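Everything on this sheet refers to the single structure shown next.
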Amino acid sequence: MATVRTANAHWEGPLMGGQGKVSLDSSKVGEFEVDWPSRAEKPEGKTSPEELIAAAHSTCFSMALSHGLAGAGTPPESVDTRADVTFQPGEGITGIHLTVRASVPGLSAEDFQNAAEQAKANCPVSKALAGTKITLDASLA
């Protein structure tokens, strides 16, 4: 059965001088301020669409990698993934770089690299972002 998760954004004013808020409605974990400077310059305590994408991608990738490793008989002790989403004003999102470090007893570096590449190709967020160049740095901790 499919699930639906919901977030809402409210924006006031023009792009350059306006501001808004995004709420994570399904989980009810919070409401976060957004504005153009937090997106194109410094966060200053606010979030951006790119940071939210980075959060989604790092989480999805970690879950997909953990699932793949466990399915292959080598469940991880831990998986730590960082997603860096690059935004270029006037151009958009130009790339996503995933960095993953994991502790997987009994797994070779080559097998881990293969599992990480499979997770990158097959996690649902990677698939949703298929029009964006996604790179990967994967190694065992």
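Carbon and sulfur: what percent of segment 20-114's accessible surface (1.4 Å probe)?
Percent of accessible area from carbon and sulfur atoms in segment 20-114: 51.
Net charge around Glu31, counting only other residues with Cβ within less than 15 Å of its Cβ (Lys, Arg = +1; Asp, Glu = -1)?
Charge balance near Glu31 sits at -2.
As an exercise, identify the trypsin sites (Lys or Arg not before Pro) in segment 34-141 lying in DSSP coil whose Cβ has no more than 13 other Cβ atoms within 10 Å.
Answer by residue number: Lys133.
Can you give me the pair-distance distribution of segment 92-141, C-alpha pairs, 5 Å bins, whole percents?
5, 20, 29, 20, 14, 8, 3, 1, 0
Check which residues have an amide H placed less than 5 Å from Gly95's amide H, if you skip close sequence neighbours.
Thr86
Within segment 5-141, what is the number of lysine pairs with alpha carbons under 25 Å apart, leaving out pairs fewer than eight places apart on the same chain?
5
Do the sum for the chain: with -39,500 (n - 2.57) for every DSSP H run of n ≥ 4, divided by all residues, what is the mean residue ellipticity at 222 nm, to the nearest 500 deg cm²/dmol?
-10500 deg cm²/dmol
Taking the solvent-accessible surface of protein heavy atoms with a 1.4 Å probe, what is the per residue accessible area of segment 1-134 in Å²?
Per-residue accessible area for segment 1-134 comes out at 62 Å².
The values are calculated or read from the model by the stated rules, or taken from the named source; none is laboratory data. As the structure is a computational prediction, the values presented were derived from the model and not from experiment. All Cβ positions, even for glycine, are placed from backbone atoms using ideal geometry, and neighbour counts span all protein chains on display. Each accessible area value is taken on the protein alone, full model and side chains, heavy atoms only, with ligands, DNA and RNA left out. Shrake-Rupley method; radii C 1.70, N 1.55, O 1.52, S 1.80 Å.
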